[in-house]
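Trainee: I have a structure I would like to understand better, so I am pasting it below and will then ask my questions one at a time.
The values are calculated or read from the model by the stated rules, or taken from the named source; none is laboratory data. On a predicted model such as this, the values are computed, not experimentally measured, just so you know. Every residue, glycine as well, gets a Cβ built from its backbone with ideal geometry; the counts of neighbours run over all protein chains shown. Keep in mind that these areas ignore ligands, DNA and RNA; they rest on the heavy atoms of the full protein, side chains included. Shrake-Rupley method; radii C 1.70, N 1.55, O 1.52, S 1.80 Å.
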Amino acid sequence: MRVFMTGASGWIGSAVVPELIDAGHQVVGLARSDASAEALTAVGAEVRRGDLDDLGTLHDAAADADGVIHLAFKHDIAFSGGFQGAAESDRRAVETFGEALAGSGKPFVIASGTLGLTPGRVATERDGLSPDWPVPFEAARARLATALLAVGLAPRNVRSSVVRFPPTVHGEGDHGFMAALVGIARDKGVSGYIGDGSNRWPAVHRADAAHLVRLALEGAPAGSTLHAVGEEGVPLREVADTIGRRLGLPVASVAPEDADAHFGWLGGLVGVDGPASSALTRASFGWQPTHPGLIEDLAKGHYFDAPSA
């Protein structure tokens with residue numbers, strides 16, 4: 001299958017590309033920079049220059065492909081006050097892909113998230129499937145709306161599916177939330193958690209997540225929602241304890257009202273209790289994560305080899 005990918009040189013995408021190529025697929029990756037283009041070429045992918053705002057490029061590349069995987073999101077502006085703009089760009093891209101693929105029966109896989117779907121209880125693949133689903137966070141509402149747009153392409157003969165990722169897709173080289181928590185602990189001189197730290201985040205190793213993306217591309221029925229969740233819920237206190245132990249720092253509770261001051265841009269998320277299940281995904285697709293869990297991965301030490309951003 002000839003697959004067009006956005007986000008192909010990103011954290012998850014750069015694991016998906018070799019997963020696809022090893023399975024015999026051809027990959028054409030969208031690249032907005034020379035560095036991204038070189039990275040894609042180095043692993044055997046073709047390059048299509050452009051970015052998420054080049055809607056004509058997205059349309060033509062999708063029309064020329066046998067399937068599309070959309071993993072890109074403007075995280076660079078989303079976490080610096082421009083989330084609405086990033087979400088609108090994402091929605092326009094999905095609309096464009098939908099127009100290009102309508103009537104083709106081709107697979108279309110997009111990324112979404114689990115955090116915020118069902119605060120305080122375990123989220124399943126059946127949650128968040130209606131426009132009026134109560135979501136407490138603006139960011140989660142925007143991603144949910146775009147995911148619903150994608151699965152809604154099924155009646156237009158697009159084999160669309162949504163893969164929801166947990167907030168922590170971990171592994172060596174990760175510069176996401178876990179790396180940020182390590183950096184905050186270093187800066188503050190203490191590894192913190194909110195309240196009693198019993199709130200849970202689901203997690204998955206990057207390699208396991210990449211494998212599920214391939215399975216979705218190859219066989220997910222139209223309108224499917226999958227959960228790339230390796231661990232249902234890791235207490236944030238355990239994360240803080242592991243970080244503190246590795247850095248030789250004290251571990252301490254941070255009051256909810258002080259979360260923003262201590263954790264900065266992560267303040268609104270680090271206290272969320274957002275466990276999620278992947279039981280339905282595993283039963284339907286035979287997906288079984290085989291790589292280390294979050295605490296084991298943290299304990300390996302690669303998150304602490306150099307100061308984290």
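Trainee: So which helices (runs of 4 or more DSSP H) stay within segment 203-295 end to end and still have 2 or more residues that are among the hydroxyl-bearing types (Ser, Thr, Tyr), touching a helix residue (DSSP H, G or I) at 6+ places or on another chain (Cβ under 7 Å) and open to solvent by less than 50 Å² (accessible area, probe 1.4 Å)? Give the derivation first.
Mentor: On the way: elements: 206-219, 236-247, 259-263, 279-285.
Qualifying helices (runs of 4 or more DSSP H): none found.
Trainee: Quickly run through segment 185-202 and pick out the residues that are part of a loop (DSSP other than H, G, I, E, B) and open to solvent by 10 Å² or more (accessible area, probe 1.4 Å). Walk me through how you get there before you give the answer.
Mentor: We begin by selecting, within segment 185-202, every residue part of a loop (DSSP other than H, G, I, E, B); these are 189-190, 195-199.
189, 190, 195, 196, 198, 199, listed by residue number.
Trainee: Report the residue count in segment 249-292 for those that are farther than 23 Å from residue 225 by Cα and of a type in the set (Gly, Ala, Ser).
Mentor: 9
Trainee: If I ask for residues that are among the β-branched types (Val, Ile, Thr) and either at pLDDT below 95 or in a loop (DSSP other than H, G, I, E, B) (or both), which ones from segment 55-79 would you list? Steps first, please.
Mentor: At the first step, the residues of segment 55-79 found to be among the β-branched types (Val, Ile, Thr) are 57, 68-69, 77.
Hit for segment 55-79 is 77, nothing else.
This table checks each residue for (1) over 28 Å from residue 18 (Cα atoms); (2) buried (at least 24 other Cβ atoms within 10 Å of the Cβ).
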{"position": "106", "(1), (2)": "no, no"}
{"position": "126", "(1), (2)": "yes, no"}
{"position": "139", "(1), (2)": "yes, no"}
{"position": "158", "(1), (2)": "no, yes"}
{"position": "170", "(1), (2)": "no, yes"}
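Trainee: Out of 98, 116, I need the residue that is surrounded by 15 or more Cβ atoms within 10 Å (Cβ to Cβ), in contact with a Pro (Cβ under 8 Å, 6 or more places away or on another chain) and in contact (Cβ under 8 Å) with a residue 60 or more places away in the chain. Which one? Steps first, answer last, please.
Mentor: Numbers: 98 fails: in contact with a Pro (Cβ under 8 Å, 6 or more places away or on another chain).
When all the criteria are applied, what remains is 116.
Trainee: A follow-up question, please. Do we have any residue at all in segment 17-33 that's open to solvent by less than 10 Å² (accessible area, probe 1.4 Å), assigned to a helix (DSSP H, G or I) and touching a residue at least 24 places away in the same chain (Cβ under 8 Å)? Talk me through it step by step, then tell me what you get.
Mentor: Here is the first cut: in segment 17-33, the ones open to solvent by less than 10 Å² (accessible area, probe 1.4 Å) are 17, 20, 27, 29, 31.
Retained after the next criterion (residues that are assigned to a helix (DSSP H, G or I)): 17, 20.
Going one step further and asking which of them are touching a residue at least 24 places away in the same chain (Cβ under 8 Å), we end up with 17, 20.
Scanning segment 17-33 turns up at least one residue that is open to solvent by less than 10 Å² (accessible area, probe 1.4 Å), assigned to a helix (DSSP H, G or I) and touching a residue at least 24 places away in the same chain (Cβ under 8 Å).
Trainee: May I pose another question? In this structure, is residue 82 assigned to a helix (DSSP H, G or I) and surrounded by fewer than 20 Cβ atoms within 10 Å (Cβ to Cβ)? Quick ask: steps written out before the conclusion?
Mentor: Numbers: assigned to a helix (DSSP H, G or I): yes; surrounded by fewer than 20 Cβ atoms within 10 Å (Cβ to Cβ): yes.
Yes; evaluated as a whole, the condition is true for this residue.
Trainee: Determine which member of the set 148, 129, 115 is among the hydrophobic types (A, V, I, L, M, F, W, C) and in a helix (DSSP H, G or I). If you could, list the steps in order and put the result at the bottom.
Mentor: On the way: 129 fails: in a helix (DSSP H, G or I); 115 fails: in a helix (DSSP H, G or I).
After ruling out the rest, the residue left standing is 148.
Trainee: Could you give every pair whose Cβ atoms fall below 7 Å, whose first residue belongs to segment 283-300 and is at pLDDT below 95, and whose second residue is open to solvent by less than 40 Å² (accessible area, probe 1.4 Å), counting only separations of at least 6 or pairs across chains?
Mentor: 299/242
Trainee: Looking at (1) open to solvent by 10 Å² or more (accessible area, probe 1.4 Å); (2) modelled with pLDDT of 95 or more; (3) part of a loop (DSSP other than H, G, I, E, B), which is the only condition residue 52 fails?
Mentor: For residue 52, the exception is condition (2).
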